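The values are calculated or read from the model by the stated rules, or taken from the named source; none is laboratory data. What you are looking at is a predicted structure, and each value in this text was computed from that prediction instead of being measured. As a convention, Cβ positions derive from the backbone with ideal geometry for all residues, glycine included, and neighbour counts pool all protein chains shown.
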Amino acid sequence: MQAYEAIVKWYAVLHLVLTFLQWRLYEAWAQGQSLRSLADVIRQQRIEHAQDTLISACREAIQMGSIEPVLQRFIARSAPV
């Protein structure tokens, strides 16, 4: 029974993800962006996430006055940089 429930949950999550991607694609078309496929939406989402992460890391480094702890937080390395 647990396997069945896991499969049902997996399909529910998959449906939500596809719905989100299709909504983002529709919104992009409505705004005149040149996204043509769900792969383009995923690529755009990754770019936006990378930009947000970089901005957060830079702000944190400025606030702390040191880059090393920020690198440890954002780039989990075992050896110091």
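Please identify the pairs in which a residue from segment 68-81 that is under 15 Å from residue 56 (Cβ atoms) has its Cβ atom under 7 Å from the Cβ atom of a residue that is at pLDDT 85 or above and surrounded by 10 or more Cβ atoms within 10 Å (Cβ to Cβ), counting only partners at least 6 apart or on another chain. Final answer for the pair search is 70/57; 70/60; 70/61; 70/64; 74/53; 74/57. Tallying residues that are under 14 Å from the mean Cα position of the chain (by Cα) and loosely packed, with under 10 Cβ neighbours inside 10 Å within segment 1-46 yields 0. Give all pairs with beta carbons closer than 6 Å in which a residue from segment 34-51 that is in contact (Cβ under 8 Å) with a residue 12 or more places away in the chain and closer than 16 Å to residue 19 by Cα meets a residue that is surrounded by 13 or more Cβ atoms within 10 Å (Cβ to Cβ) and of a type in the set (A, V, I, L, M, F, W, C); count only pairs at least 6 apart in sequence or on separate chains. Within 6 Å, the pairs are 38/21; 41/21; 41/25; 41/35.
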